[in-house]
Amino acid sequence: MAESRYLSKVIHLRLCLFHVPQAVWRWLWAAPHNICKEDRQILMAEFNRMIYAVTEDEATNAFEEAVNSETASEYENYQKYLTAWWQRRELWCLAWRTERHRGHHTNNFAEVTVRLYKDVVLRRAKAYNAVSLVDFTVKVMEDYYRCRLRDFANGRISAQRLALEKLSRKASYLTSCAEVDDFGDNRYGVPNSDGTEKYDVDATLGCCSCKAGMFGKFCKHQLAIMTLFQKAFPNAPGVTAHTRHSIAYIALGETCPPVDFYNSLQPVNVVEPQEHPAHQNDTEHETASNAQVELVASSSVCDAPCNEDEDDLCSNPLVDEYCTLLKDLYSRYGEAIECQRGLQKAVCRLKSISSASSFASFLHNPGFARRYRSGAAIRVQPTALSRRRPGVTRGSKRSASGRPPSGTGGARPKRRRCLALNIRANVPNAKSHGDAH
């Protein structure tokens with residue numbers, strides 16, 4: 001048992017796909033290595049092809065091309081450096097990653113845990129001894145996670161629900177089980193939106209052969225299988241009442257409300273899929289932790305045009321009156337240039353509406369709020385403006401205090417901490433403690 005746990009930890013041990021290219025890019029810029037500036041981008045592009053190779057054969061071919069390329073042959077130290085990276089390729093290359101990673105290829109969990117510990121638990125203050133550190137951890141951290149679990153159970157954290165709604169819109173082109181091939185053993189063949197390719201979906205492992213789901217991330221093809229065949233996926237976002245009830249039970253214990261309480265808090269229409277036979281005899285809380293979600297095709301129904309039998313549902317006297325008044329006003333004043341410009345902005349605003357709340361906001365405030373109003377600011381005397389030193393704003397606001405704003409001729413701006421942009425611009429990557437041009 002101990003050996004299996006150790007192997008499980010080793011399998012999940014992977015290097016971050018951001019810090020590995022960052023280390024290589026900084027190595028190429030190190031002075032002792034004497035890499036020509038024009039060759040750095042070429043060598044970095046060859047290394048990136050190794051990182052993002054999805055098969056072992058593709059990664060091996062990329063390594064052979066990189067280490068034997070015309071550019072790499074000029075730098076013997078780079079060839080040794082690249083060979084050293086290749087010897088532990090299982091830690092950083094995508095070709096050796098499995099569905100257990102669930103689409104996480106960075107150290108985001110570790111970084112957010114450290115940030116929460118510094119900001120929430122210690123509140124950016126030092127724990128001067130072990131006793132105070134344990135006290136902060138037991139009291140503050142326990143209360144913080146209890147509140148977070150309770151907020152998730154009560155539906156106040158909408159990230160998972162919005163992700164499912166987005167995937168549901170993408171998977172709306174699949175409407176029947178006849179469009180999907182059932183291979184048995186919870187494996188299905190799902191076509192893409194163009195119908196030119198089919199992806200292999202495994203409901204037991206929770207993975208798909210597409211680029212988005214091959215490493216265990218929940219994709220639109222898996223959502224289509226969960227919707228059409230009522231299958232439970234281990235990696236599906238849990239927003240059902242049973243799942244949220246199990247989360248609330250962890251935070252509240254025996255005082256947790258029943259499942260019916262969380263049914264009333266459901267933000268969208270969901271259906272509980274049937275569970276695997278191996279889990280049918282488990283307890284309520286154990287089955288709730290594995291219960292998955294499917295979104296009913298309500299979003300696709302709303303996007304579809306109304307049928308003749310549903311004219312009474314789609315028509316509204318207020319909508320007809322609104323359209324009549326709008327056409328009447330346009331026939332009277334629509335020739336003005338200001339009205340034409342306002343109509344263009346209104347159309348753009350209507351196109352950007354993607355939810356009921358934004359549509360309600362448009363109906364409550366169909367106009368556009370002015371950024372500045374006459375008499376809203378207290379003007380400054382012209383003589384006071386002329387006495388301001390160079391670099392200070394000449395507006396009516398008060399003189400800025402503290403650090404001068406960027407672009408005023410003071411300290412040089414920091415380089416952006418974006419590895420892709422710095423590689424594209426062929427400049428060194430910025431460091432956390434600041435690195436000016």
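Values for this structure:
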| read-out | value |
| --- | --- |
| Virtual spin-label span in nm between Gln41 and Asn77, 7 Å along Cα→Cβ | 2.3 nm |
| Arg332-Leu205 FRET efficiency (beta carbon distance; Förster radius 51 Å; 0.05 resolution) | 0.20 |
| Amide H contacts under 5 Å for Cys207, placed H, 5+ residues apart | Asp202 |
| Within segment 131-162, backbone nitrogen closer than 18 Å to the virtual label 7 Å beyond the Cα of Ser264 toward Cβ | 151, 153-156 |
| Inter-part distance where segment 82-116 and segment 145-159 are each reduced to a Cα centre, Å | 28 Å |
| Theoretical gain in end-to-end length, Ala360 to Val114 [0.36 nm per residue, Cα-Cα removed] | 84.6 nm |
| Extreme residue, positive dipole direction of segment 88-152, given options Val131, Trp96, Val121 (C-beta unit charges) | Trp96 |
| Cβ-Cβ FRET estimate between Asp320 and Arg388, R0 fixed at 56 Å, reported to 0.05 | 0.45 |
| Fewest-first ranking of Phe261, Phe109, Phe183, Phe218, using other Cβ atoms within 10 Å as the exposure measure | Phe109, Phe183, Phe261, Phe218 |
| Set of lysines near Lys80 by C-alpha distance (under 27 Å), chain-local residues within fewer than 8 positions excluded | Lys37, Lys431 |
| Normalised contact order of segment 2-97, rounded percent, pairs of Cα under 8 Å and 6 or more residues apart | 31 percent |
| Linear extension gain, Val347 paired with Leu421, 0.36 nm per residue minus alpha-carbon span | 23.2 nm |
| Per-residue ³J(HN,Hα) for segment 116-123, Karplus 6.51 cos²θ - 1.76 cosθ + 1.60, θ = phi - 60°, Hz, x for Gly and Pro | 5, 5, 6, 7, 8, 6, 8, 6 |
| Karplus 3J(HN,Hα) series, Hz, for segment 109-114 with 6.51 cos²θ - 1.76 cosθ + 1.60 (x for Gly, Pro) | 5, 5, 5, 5, 5, 5 |
| Virtual spin-label span in nm between Leu252 and Ile157, 7 Å along Cα→Cβ | 1.7 nm |
| Prolate/oblate/rounded call for segment 11-87, Cα gyration tensor, a/c under 1.5 rounded | oblate |
| Dipole in debye (nearest 20) - segment 2-97, about Cα centre, beta carbon charges: Lys, Arg +1; Asp, Glu -1 | 660 debye |
| Unit charges on C-beta of K, R, D, E only; dipole of segment 95-204, Debye | 940 debye |
| Ranked Cys207, Cys16, criterion: other C-beta atoms within 10 Å, fewest first | Cys16, Cys207 |
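Every read-out reported here was derived from the displayed coordinates using simple, explicitly stated rules and does not represent laboratory data. Bear in mind that the values here come from a model prediction, so they are computed numbers and not experimental data. FYI the Cβ positions are ideal-geometry reconstructions off the backbone, even for glycines, and counts take in every protein chain you see.
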